[in-house]
Amino acid sequence: MSIDPGRRGRLRRLLTVALAVLTALPLTLFLAAERATAAAPMADPARSCMVAPGGFLSEGPTDWRSFPRPLGKVKMAMLFVDFADAPADTSVDSELEIFSTESEDWYATSSYGKFDLDIVPYKRWLRLPSSLNEHARTHPLMTARDSRPDVVTDDPMLASIFRNAVQLADPNFDFSQTDALLLVPSRRSSYSRGYATFEHISADGNTILAETNLATSRYRDGHILLNHEGGHLISLPDTYGGPGGFGWTGGWDVMGHMWGPAPDQFAWHKWKVGWLDDTQIACLATRNAVIEHTVSPVETPGGTKAVVVRYGTNTAYIAEVRQRLGLDTRACDTGVLVYRVDSRTPSGSGPVRVMDSHPNTGCGNNGLNDAPYDLGSGEVSTFTDSANQVRIQVMAKSGNDFTVRATFGTPAADDFAMSVAPSAGQVTPGGSTSATVATSVTSGSAQRVALSASGLPSGASAVFEPSEVTAGGSSRMTISTTASTPNGTYPVSVTGRGATASRTAAFTLTVGAPPTVEFADDFESDKGWRVNPNGTDTATSGRWERAQPQATSHNGITVQNGTTPGPGTHDLVTGAAAGSEVGANDVDGGVTSVLSPAISLTAGVSYRLRFSHYLAHLDNATAEDFLRVRVVHDGGMTTVFERKGTASNVGGTFAAADVSLTPYAGQTVRLLVETVDAGTGSLVEAAIDNVQIIR
């Protein structure tokens, strides 16, 4: 056995438990931990919600070079020590009953089976060479402290206790696989403070970095104290303190009120130590944005466990669900617990603060034990921090799960777009026709949209299944006529009304004999459209092509639609591939054009051009960006349709277009479709589908 003198005697204060506890019948614990490798970086997007590092024990990311990583088996040697002037008056077996396997089981449950704490006892008392009185006389920790609250001065006597205990046990105990060290002094000893020291102790070819706890407790605390002290072993700070000793976190965390009614670890702590992975954290770190997720209880495995809003370098709000499950069966209230973490705040000084939804009441002898937000009579469903522009709302609950919405800053208002496909239908009197009404979120969050239709002829009615959708969903519209419905062509307005916006889409209903289709192309096969027909296109990417589109989006806005209006899977689209990012294959650098095959129009006949389309762009677009359809005819070219960009976010939702081609009857024409990204650089996508010329 040997000691690394370069590391000897570095002492850090871990905790000072409540005075009533510290002065009662003592049980002293020492925890020593093996040096681990550095932590691997967390993956996006949750990574952006982890706050910056703080001090030694903080709410920031853990430096695993100083703590044992609590994944898989961690073997803890349990040594029992006494002193000549404080000899043990109990058997080792009776002391083992204090712990049994309860702490091992507790951590297995809290970690969802990821942390296997294996306590291996040496079942005999080890008599230390120094007396307890001698240790008390030479113990500088009792009188001298560093100016920093989490650091105390050197204590070679305390270090010698660790070395002597390991040395005494070493001939009969195998330390070769030891990850941590737990020393249990006799009950007659009287330590009253908690400390940590770092010592390199080598035994049986294994080096142990002594991350050591020294704390006292009532005999009855048993494994509950080890549950708390074990949290320090894996880098978690004390969260108790404040008014009444537990006025910052109440009974919601074992690192605070270890005897509280709901002592399971916070979701933030479970993420910090690796029991939750990044996919279980819903992160909001971008200002002027909103997210909404269904969150399952912390006490059960699987699912999203927390919504995190990081609003500062060192600060974040967390919303998690707490239920009377697992380790929290004694909880006196349930719901969505909201709290703030600050990695700048030292251990024991309030690094976690629970937000109280009921500041004037409490339960379980603490004012914060009824803190969760909830829905229903007498409940509060919304937390707001106006100064930092953070709002957390409980939107719905189903069983033990809650839907939580988080807002940071001032996001764009909730809005949606709507389209009808096909955009026209024909019936004989007494018949019916159907179309799909599709909606999409263009900004903010999804809202409920009620559907209706107007402009129907007499004897006709419209039914929507369902009659109300959440933006992003679709409904089937069926228009039915009677035998008395007059023949004719009727422009029908399909309206969607939401809480913050109303939108309409056009549908043309023809009653009577169906029109004759002169030309049609759904782009499921190649009918002779030519890209860059004149060799003058300047676009460097996002050129027109007939393809199956791949969806792209930006902050919830669909930029390139990954579906078509139907019935097929292809359309005419600008850069069909999604690429590595939303702007990888959009239109850039100028114009891209595509020309239809020749179409002969009979003289003296009325013609109409119908097609589905969209021009999608972000709020960096201008009126110089556009989608345009021109007719190439005997006299030159004439624009018959144009959509221009605006300085707003517009999603890629298909809409119907219907224009007259009657002026070109008697000629052979072609359709020239152009999209332009001009002016300043902007993100632009466009698509065309279901082109028809009817008479």
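Throughout, read-outs are computed from the coordinates displayed, never taken from laboratory work. Since we're looking at a predicted model, the values are computed, not measured. Cβ coordinates were reconstructed from backbone atoms using ideal geometry, including for glycine residues, and neighbour counts include every protein chain displayed.
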**Message:** Among V573, Q548, G528, whose Cα projects farthest towards the positive end of the dipole of the range 527-584, with charges put on the beta-carbon of Lys, Arg (+1) and Asp, Glu (-1)?
**Reply:** G528
**Asked** Arranged from highest to lowest average of other beta-carbon atoms within 10 Å per residue, in what order do the peptides 286-297, 265-276 appear?
**Response** 265-276, 286-297
**Asked** Over the range 306-399, one equal point on each Cα, no solvent: what is log10 I(q)/I(0) by the Debye formula at q = 0.10, 0.18 Å⁻¹?
**Response** -0.27, -0.89
**Item:** Linear extension gain, S541 paired with N555, 0.36 nm per residue minus alpha-carbon span
**Value:** 2.8 nm
**Item:** Pairwise FRET efficiency - T101 versus R188, Cβ, R0 = 22 Å, nearest 0.05
**Value:** 0.25
**Asked** In the chain, with Lys and Arg counted as +1 and Asp and Glu as -1 at Cβ, which of these residues, F175, I291, P514, has the Cα nearest the positive end of the dipole, that is, farthest along it?
**Response** I291
**Asked** In percent, what relative contact order does the chain have, based on Cα pairs under 8 Å that are 6 or more apart in sequence?
**Response** 11
**Message:** Let me check the size of the range 57-110 from its C-alpha atoms; what are the radius of gyration and Dmax in Å?
**Reply:** 16.1, 44
**Prompt:** At q = 0.15 Å⁻¹, what log₁₀ I(q)/I(0) does a Debye calculation on the Cα points of the range 517-694 give, no solvent, two decimals?
**Reply:** -0.80
**Message:** Give me the net charge for the shell around V390: Cβ to Cβ below 14 angstrom, other residues only, Lys and Arg +1, Asp and Glu -1.
**Reply:** +4
**Prompt:** Charges only on Cβ, +1 for Lys and Arg, -1 for Asp and Glu: so what's the dipole of the range 265-324 about the Cα centre, in debye to the nearest 20?
**Reply:** 160
**Request:** Could you pull out which residues in the range 383-421 have an amide N less than 13 Å from a spot 7 Å beyond the Cα of N288, following the Cα-Cβ vector?
**Result:** 408-413
**Fill in**
Any lysines whose Cα falls less than 30 Å from that of K527, other than same-chain ones fewer than 8 residues away, would be K644
**Request:** Take the eigenvalues of the Cα gyration tensor for the range 415-511, scale each by 5, and report the square roots as semi-axes in whole Å, largest first.
**Result:** 26, 11, 10
**Message:** For E518, E320, which order do you get if you count the other beta carbons within 10 Å of each Cβ and list the fewest first?
**Reply:** E518, E320
**Asked** So between A603 and T569, what do we pick up on full extension, going 0.36 nm a residue minus the alpha carbon distance?
**Response** 8.8 nm
**Prompt:** How far, in nm, would the chain grow between L71 and T90 when pulled straight, counting 0.36 nm per residue and subtracting the alpha carbon separation?
**Reply:** 3.4 nm
**Item:** As computed over the range 243-408, the Cα convex hull volume per residue (Å³)
**Value:** 114
**Request:** Fewest Cβ neighbours within 10 Å first, please rank V511, V659, V309 accordingly.
**Result:** V659, V511, V309
**Prompt:** Roughly how big is the range 494-569's charge dipole about its Cα centre, with Cβ charges of +1 (Lys, Arg) and -1 (Asp, Glu), in debye to the nearest 20?
**Reply:** 320
**Asked** To the nearest 500 deg cm²/dmol, what mean residue ellipticity at 222 nm is calculated for the chain from DSSP H runs of n ≥ 4 alone, each contributing -39,500 (n - 2.57), summed and divided by the residues?
**Response** -2500 deg cm²/dmol
**Mean-position separation - Cα centroids, the range 444-475 and the range 296-363, in angstrom** = 40
**Simple label model, 7 Å out from Cα along Cβ direction - N487 to Q177, nm** = 9.2
**Request:** Quick one: check the C-alpha center-to-center distance for the range 574-602 versus the range 614-650, whole angstrom.
**Result:** 12
**Request:** Report the local net charge at T680: Lys and Arg +1, Asp and Glu -1, summed over other residues whose C-beta lies under 11 Å from its C-beta.
**Result:** -3
**Fill in**
Note, D586: beta-carbon cut-off 9 Å, +1 each Lys/Arg, -1 each Asp/Glu, net -3
**Complete:** Of the range 95-119, those with amide N under 12 Å from the point 7 Å along the Cα→Cβ vector of T279 are none
